[in-house]
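*Asks:* Sending over a structure as C-alpha cells; questions will come in a sec.
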Amino acid sequence: MSESTELEGRRFPAPEQLAGQANVGPDVYERAAQDRLGFWAEAAERLTWAQRWDEVLDWSNPPFAKWFVGGKLNVAYNCVDRHVEAGHGEQVAYHWEGEPGDTRTITYAQLKDEVCKAANALVELGVQAGDRVAIYMPMIPEAVVAMLACARIGAVHMVVFGGFSSDALASRITDSGAVLVVTADGGYRRGSPSALKPAVDEAVGRTDSVRNVLVVRRTEQDVAWTEGRDLWWQDVVDRQSTEHTAEAFDAEHPLYIMYTSGTTASPKGILHTSGGYLTQVAYTHWASFDLKPDTDVFWTSADIGWVTGHSYIVYGPLANRATSVMYEGTPETPHRGRWFELIEKYRVTIMYTAPTVIRTFMKWGEDIPAGFDLTSLRLLGSVGEPINPEAWLWYHKNIGGGRCPIVDTWWQTETGAHMINPLPGVTSLKPGSAQTPFPGISAKVVDDEGNELGDDTTGLLVLTEPWPSMLRTIWGDDDRYVDTYWSRFGKQVYFAGDGAKKDADGDIWLLGRVDDVMNVSGHRISTTEVESSLVAHPAVAEAAVVGASDPTTGQGIVAFVILRGSAEDSGDDLVKELRQHVRKDIGPIASPRQIMVVQELPKTRSGKIMRRLLRDIAENRELGDVTTLTDSSVMGLIKDKLPAGS
Ligand code: WT7
C-alpha cells in the first residue's frame with residue numbers, strides 16, 4: 001500500500017495540551033457565523049485605533065469595499081510603539097541571522113528607534129503620504145525598517161523580490177510611479193555576495209519618476225554611484241532623530257502595492273490598505289498559529305519580497321508582539337542542516353514554510369534534521385501550494401517529531417491573509433486538505449455557472465463575502481480589478497482562480513490553478529509573461545508555455561518554441577540563450593526548465609493554443625482529445641521532434 005492510500009482517512013486530532021490553552025477554541029466558528037461583522041470588529045479591537053470606526057463594512061458599491069469606515073490608525077505605531085509603551089521594549093522583535101553567520105538582535109525599542117529615524121529620513125527626502133516607495137532589498141532588517149517607515153508616514157511601499165530582474169523592477173517602478181528606491185549594495189546568497197545595485201541603476205535609468213536611491217551598505221561590494229541621486233542609508237538615516245510622531249491615517253489609506261502575475265503579460269499591482277489588512281493579518285497570525293507573544297519564537301522562512309513575508313514576517317507578527325527569526329540566505333548554505341541549526345539555536349517554536357522546501361528536505365534525507373535538537377517546535381505551517389500527503393507526513397514526523405499540528409494555509413497575494421486553514425487547537429487534521437474556511441470567511445466550491453457543488457465534485461473556488469484584508473483594487477486599473485476577480489459570477493463573488501473540491505466531511509481540497517498561471521516553488525508565474533518574453537527574442541517566432549508537474553517544485557516551466565526561419569538548426573546553444581534571455585527579462589525563477597523547439601503548435605480552430613495537449617507531452621502522458629485541433633497531425637510532428645524516451 002502506498003503512503004498516500006495509507007494516509008487516506010487518517011486524522012490527526014488537536015494535541016490535548018495545545019487545545020486546552022489555545023488562543024481560539026471551537027466556539028469561534030459559531031460566533032463568526034452568527035455575526036460576521038461583529039466578529040471582525042472584535043478582531044479589529046485587538047489593534048490600537050486613534051479614532052474608532054463608524055461602520056465595519058461599506059459594501060454599497062461592490063466589488064469596491066471599505067472596512068472600518070471612519071476609523072483612523074497608524075500601522076507602524078501598532079506594530080512597534082504600542083508594545084514599547086506597554087513595557088515590552090526589551091523584548092526581541094527579530095533574531096536576524098545573515099547567511100555568512102553574522103547576527104543581529106533587534107528589540108522592539110531598537111526597532112522603534114530605527115523606524116523613526118528612517119521615517120525622518122524619508123520626510124527629509126521629500127517623501128509624502130501617498131507617494132510610492134520601491135524597496136528592492138536582501139533579507140536584512142533594514143528591509144523591515146523601510147517598510148515600517150513608509151507605513152509610519154503614510155507612503156505606499158512596493159517591495160520587489162530581489163531575485164527579479166532590472167526589467168521587472170523597471171516596469172513596476174513605472175506602473176507604480178515610485179519616487180524613491182530603497183536598496184542595498186547586495187546581499188548574501190549561496191555563499192557569496194550577490195549584487196542588487198546594478199539592477200537598480202539599470203531600472204531607474206529607464207524610468208522617470210525616481211528622485212533618489214537610498215542604498216544600505218551590506219556586502220561592501222563596489223557600486224556605481226550617481227551623484228545627487230544616490231545616497232547611503234548609513235549617511236542619511238543614521239544621523240536622524242529617534243523621535244517621530246506617528247500620524248493616524250484613514251483605515252482605507254493605501255499601505256502597499258505588491259505585483260503578482262496574472263493571465264496576461266503585465267503583472268497586476270495588488271493594492272492593500274491599512275485597517276482591514278492589519279486586522280486580518282494580526283488576527284490570523286494569532287489564531288492560526290496560536291501565537292503566544294511571551295513564549296513563542298516564530299519563523300516564517302519566506303522572502304519579504306512576497307506577500308507571505310509582508311503578512312507573516314512583518315505585519316502579523318509585529319502587530320502581535322511576536323519574537324521572530326529572520327534569515328537572509330538559502331537553506332543549503334553553508335550546509336544542508338542550516339535551517340535546523342537555526343531552529344535549535346533560537347529554540348524556534350512555530351515554523352511556517354512551503355511544501356517545495358519540505359520536498360527538498362525529503363530529498364536530502366531525514367538524517368539531516370535528525371542531527372539537530374528540534375524539540376522546541378510545537379506547531380508547523382505550510383503555504384504556497386497544496387501540500388501532498390507524503391510531504392505532510394514527512395514534515396510531521398521528521399521536523400515536528402510527531403507532536404506538532406500542521407496548519408496548511410490557503411490564501412493569495414490578493415486575499416492578504418489566511419482564508420482557508422484548520423485551527424490548531426480545534427480541527428482534526430487531514431493531510432493534504434486546507435479543510436475549513438477561517439472564521440468570518442465564506443468560501444464555496446461551484447460549477448461553471450456558479451451553482452454550489454455536492455461532495456467530491458471538482459469545481460471552482462469562490463469567496464462569497466468580502467473580508468477585511470481583501471485587495472481593494474489593481475493599482476491604476478479598477479476595470480481590470482472588476483474583470484479579473486468579480487465578473488465571472490457577478491460583482492459579489494470573488495473568483496480565486498483555483499480549482500477545488502469539498503469532501504463528504506465538508507473539508508476543502510485545493511487542486512491548483514485553473515487559469516494560465518503556473519506555481520513554481522510556491523511562486524506564481526504567468527504562462528503569458530514567459531511566452532511574451534520568449535517571442536521578444538529575435539530567434540523566436542512563436543512560443544507556448546505550460547506548467548508541468550515537478551516532484552520538487554510543484555510545477556516546472558516547459559516551453560515550446562517555433563523558431564524564425566533564419567534561426568532554425570541553431571541547436572543547444574540557442575536553447576541556452578533563450579533560457580538566459582528569460583532569466584534576464586523576468587528573473588531566474590521564470591527561466592524554463594525545458595525548452596522544446598517544434599515546427600507547429602497545436603491550436604483550436606479559433607486560434608487558441610491548446611496548452612492541455614502540450615502539458616500532456618511535457619508530463620509524458622498519452623495525448624488527450626485532439627479532435628478540436630485545426631490539424632491533428634501537428635501533435636505527431638511535435639512528438640517526432642522530441643528526444644528519444646520522452
Ligand atoms: C496561489 C496564490 C499565499 C502566499 C503564497 C502564494 C496557491 C497558496 C496554498 C495552499 C493550495 C495554495 C493557490 C493560490 N496556494 N497556498 N495552502 N494550498 N494552494 O501567494 O503567489 O498569490 O499565489 O497559490 O493556487 O491561488 P500567491
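*Asks:* Mind running the shape call on segment 35-148? Use the C-alpha gyration tensor, a ≥ b ≥ c as the square roots of the eigenvalues: rounded below 1.5 for a/c, prolate if a/b tops b/c, oblate otherwise.
*Replies:* Prolate.
*Asks:* Right, another one. Do any of LYS66/LYS444; LYS72/LYS430; LYS345/LYS430; LYS117/LYS197; LYS112/LYS397 go past 29 Å between their Cα atoms, and which?
*Replies:* Long pairs (Cα-Cα over 29 Å): LYS72/LYS430; LYS345/LYS430; LYS112/LYS397.
*Asks:* Something else: When 1/r is averaged over all different Cα pairs and the result inverted, which Kirkwood radius in Å belongs to segment 243-365?
*Replies:* 16.4 Å
*Asks:* Now a separate question. Need one number: nm distance between label points at GLU124 and PHE372, each 7 Å from Cα along Cα→Cβ, rounded to one decimal.
*Replies:* 3.9 nm
*Asks:* Which trypsin sites (Lys or Arg not before Pro) in segment 45-79 sit in a loop by DSSP (not H, G, I, E or B) and have at most 15 other Cβ atoms within 10 Å of their own Cβ?
*Replies:* Filter output for segment 45-79: ARG46, ARG52.
*Asks:* If you find the alpha carbon centre of segment 494-537 and of segment 386-449, how far apart are they in angstrom?
*Replies:* 17 Å
*Asks:* Moving on to the next point. Starting from the Cα gyration tensor of segment 387-439, take the square roots of the eigenvalues, sort them a ≥ b ≥ c, and report rounded, prolate or oblate (rounded when a/c is under 1.5, otherwise prolate if a/b is larger than b/c, else oblate).
*Replies:* Here segment 387-439 falls in the prolate category.
*Asks:* Within segment 54-156, list the GluC sites (Glu not before Pro) lying in a DSSP loop whose Cβ has at most 14 other Cβ atoms in a 10 Å radius.
*Replies:* GLU90
*Asks:* Would you tally the net charge around GLU414, using a Cβ to Cβ cut-off of less than 11 Å, leaving GLU414 out, and scoring K and R as +1, D and E as -1?
*Replies:* Around GLU414, the surrounding residues sum to +3.
*Asks:* Along the positive direction of the dipole of segment 521-640 (beta-carbon charges: Lys, Arg +1; Asp, Glu -1; about the Cα centre), which of THR527, HIS537, ILE609 reaches farthest?
*Replies:* Highest projection toward the positive end goes to THR527.
*Asks:* Find which of GLY316, TYR29, GLY191 sits farthest along the positive direction of the dipole of the chain, computed with +1 on the beta-carbon of Lys and Arg, -1 on that of Asp and Glu, about the Cα centre.
*Replies:* GLY191
*Asks:* By a straight-distance test (C-alpha under 19 Å), which aspartates and glutamates pair with LYS491 as possible cross-link partners, with residues fewer than eight away in the same chain excluded?
*Replies:* ASP58, GLU414, ASP447, ASP448, GLU449, GLU452, GLU465, ASP477, ASP478, ASP479, ASP483
*Asks:* Multiplying the sequence separation of SER266 and GLU227 by 0.36 nm and subtracting their Cα-Cα distance, what value in nm do you get?
*Replies:* Answer, rounded to one decimal: 10.8 nm.
*Asks:* Here's another thing I want to ask about it. How would segment 488-571 be classified by its alpha-carbon gyration tensor: rounded, prolate or oblate, with rounded meaning a/c under 1.5 and the a/b versus b/c comparison settling the rest?
*Replies:* Note, shape of segment 488-571 comes out prolate.
*Asks:* What is the chain's relative contact order, in percent, from Cα pairs under 8 angstrom and six or more apart in sequence?
*Replies:* Contact order relative to length: 13 percent.
*Asks:* Between segment 87-121 and segment 36-50, what's the alpha-carbon centroid distance in Å?
*Replies:* With segment 87-121 and segment 36-50 each reduced to a Cα centre, they are spaced 28 Å.
*Asks:* For segment 521-640, what number results from the quotient of the Cα radius of gyration and 2.2 N^0.38 Å?
*Replies:* Normalised by 2.2 N^0.38 Å, the Cα Rg of segment 521-640 equals 1.02.
*Asks:* I would also like to ask the following. Would you mind calculating the gained length between GLU332 and ASP455 on full extension (0.36 nm times residue separation, minus the Cα-Cα distance), in nm to one decimal?
*Replies:* Extra length available between GLU332 and ASP455 comes to 40.1 nm.
*Asks:* Only bridges with both residues in segment 521-640 count here: give the DSSP antiparallel percent, nearest 5.
*Replies:* 75 percent
*Asks:* Another one. Within segment 521-640, how many Lys pairs that are eight or more residues apart, or on different chains, come under 25 Å at the alpha-carbon?
*Replies:* 4
*Asks:* Find which of THR409, PRO334, GLY450 sits farthest along the positive direction of the dipole of the chain, computed with +1 on the beta-carbon of Lys and Arg, -1 on that of Asp and Glu, about the Cα centre.
*Replies:* PRO334
*Asks:* Listed highest first by mean packing, meaning other Cβ atoms within 10 Å per residue, what order do 584-595, 415-426 come in?
*Replies:* Taking the mean over residues of other Cβ atoms within 10 Å, the ranking is 415-426, 584-595.
Here, each number is a calculation from the coordinates, and none is a lab measurement. Keep in mind the model is a prediction, meaning the values are calculated, not measured. Glycine also receives a Cβ, built like all others from the backbone with ideal geometry; neighbour counts cover every protein chain displayed.
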